[in-house]
């Protein structure tokens, strides 16, 4: 078994990464070992300098993250290079009104059982959980009385609680009474969720994905004045810097609104 095969095996056994993420990390290290046969501090530094000079920051950071994961899996204690600064990406979101009006209308047109998709979408929008976390939920993890969800199978292996408003409880109650639990709390697979989101996007002309709903949840909390550390805990972020992306998005919106409304007074 070669280095990359061992790397894949360890990620499969010791992490909760998706196959897509595993393949991305494998590809990073495949590129590394194409340039250097030995993995040590010197070759890591040389690899970093080469990529920082020749490639875009996002691609360089992808390589750094691959090296970081490799070190973590094999317990290497090397000093890793810092991530290259990049401009914050524009995060796409939808509003609560767009979801419950236009997207729900598309569900009524498209599906024989629109309730299933409606409850999944509104649950994602108001809890902000990752789609992979939702797929692993059982109904015993969802407390309708207390309006909370216990997530014990998370990306970062840290169990957490998230909450939901009354409107979500109403949808959950209707769906749970209508359809018995089979595979998971919502009886939906990741592929089925993706396929249905694509159909909805085409029908409603509103781009919709499970990840977009997570972004929408985070942005909604920022705009309603939630503390950034509270948002971090609800999203299950390991690093506050990841959560700050949503605060920066809100700052851009504040700046835009300020100059639109104040320019005539200057």
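Of everything in region 135-144 that's touching a helix residue (DSSP H, G or I) at 6+ places or on another chain (Cβ under 8 Å) and at pLDDT 95 or above, which residue is farthest from residue 181 (Cα to Cα)? This residue is 144. Only a single item in (1) touching a residue at least 12 places away in the same chain (Cβ under 8 Å); (2) within 30 Å of residue 191 (Cβ to Cβ) is not met by residue 52, and it is number (2).
Looking only at residues of region 155-173 that are surrounded by 16 or more Cβ atoms within 10 Å (Cβ to Cβ) and modelled with pLDDT under 95, we find that the one that is nearest to residue 220 (Cα to Cα) is 160. Considering every residue within region 17-26, establish whether at least one is within 17 Å of residue 80 (Cα to Cα) and at pLDDT 90 or above. Yes, there is a match, as at least one residue in region 17-26 is within 17 Å of residue 80 (Cα to Cα) and at pLDDT 90 or above. Per the listing 67, 22, 26, the residue uniquely under 20 Å from the mean Cα position of the chain (by Cα) and either under 22 Å from residue 133 (Cβ atoms) or surrounded by 13 or more Cβ atoms within 10 Å (Cβ to Cβ) (or both) is 22.
The values are calculated or read from the model by the stated rules, or taken from the named source; none is laboratory data. What you are looking at is a predicted structure, and each value in this text was computed from that prediction instead of being measured. FYI the Cβ positions are ideal-geometry reconstructions off the backbone, even for glycines, and counts take in every protein chain you see.
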